[in-house]
Amino acid sequence: MTNTPSAPAGPLSVAYWRGFRQALPFILVIAPFGLLFGVAGNEAGFDLLEVMGFSVLVIAGASQFTAVQLMNDHASTVMVILAALAVNLRMAMYSASLAPHLGAASTWQRAFVAYSMVDQAFALADADYNRAPKQSLAAKLAYYTGACTPIVPLWYSSTLVGALLGKAIPPAFALDFAVPVTFLAMIAPMLRSIPHLVAAAVSVIMALVLAFLPAGTGLIIAALLAMVAGAQTELWLTKRRALQ
């Protein structure tokens, strides 16, 4: 009986370890980010199961912090849910960006990508796929899995440590530096065009202008205005190029 030859594992292994290596620098911000959320959840009065449920089921640091902050501010359940969903709307944009590359994957593979999609994994995958768009689907999935490997388990474990230690972590450690640093590290390389720069500028300016609004609604409005500004700039540039 003749066995059907299988695809060589070598290229997939290379893609996996390339993603793994390129994700390693994010350890420097994921660890304190997770610790900070564990501490924040502990101080908000959540028990260990509730804190870990946040990180394992939601696995979205920014929306987790938003939800906890609003809960501390005694916001309504509806506001907490809407704010967390609004913060995570960027995941829909991430999915749309990766769909041309991973859309042909099986249902369980797409489910894995959707569950494990975090900002860092998306930023790495988007850059890698645009750099080499003709990679096979298997290689792209291998790269994505490699990029997630150092990040996702570390998010779980660092959240657990933060929740267990709680207030034992000295304030002098200033773990909150991880939040802005991790987003700066991801966003800066993505500012490659005029629409990107316009969207970033509008988001920063409007977030500051609308900072007085309650329950983080200013950030939501700023994000929406930034998306509109970026899209309109792209349309304007496209029309301008068509007229030349």
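The values are calculated or read from the model by the stated rules, or taken from the named source; none is laboratory data. This structure is a prediction, so every number in the text was calculated from the model and none was measured. Note that each Cβ is placed from the backbone with ideal geometry, even for glycine, and that neighbours are counted across all protein chains shown. Ligands, DNA and RNA are stripped out before the accessible areas are found, and what is left, the full protein with its side chains, is counted by its heavy atoms. Shrake-Rupley method; radii C 1.70, N 1.55, O 1.52, S 1.80 Å.
Just a few scattered comments:
- Residue match in the stretch 82-89 (condition: at pLDDT below 95, surrounded by fewer than 20 Cβ atoms within 10 Å (Cβ to Cβ) and farther than 23 Å from GLY34 by Cβ): yes
- Of all residues in the stretch 91-111 being crowded, with 16+ Cβ neighbours inside 10 Å and either of a type in the set (Val, Ile, Thr) or touching a residue at least 12 places away in the same chain (Cβ under 8 Å) (or both), the one that is nearest to ALA223 (Cα to Cα): MET91
- Of the residues making up the stretch 205-226, those that are assigned to a helix (DSSP H, G or I), at pLDDT 80 or above and either aromatic (Phe, Trp, Tyr) or open to solvent by less than 90 Å² (accessible area, probe 1.4 Å) (or both) number 8.
- Test: residue in the stretch 236-243 that is open to solvent by 50 Å² or more (accessible area, probe 1.4 Å), at pLDDT 85 or above, more than 29 Å from SER76 (Cβ to Cβ) and not hydroxyl-bearing (Ser, Thr, Tyr): yes
- Residues of the stretch 169-204 satisfying the condition of being exposed (fewer than 15 other Cβ atoms within 10 Å of the Cβ) and at pLDDT 70 or above: SER193, ILE194, LEU197, ALA201, VAL204
- Number of the condition not met by PRO150 [criteria: (1) part of a helix (DSSP H, G or I); (2) modelled with pLDDT of 90 or more; (3) open to solvent by less than 70 Å² (accessible area, probe 1.4 Å); (4) not β-branched (Val, Ile, Thr)]: (1)
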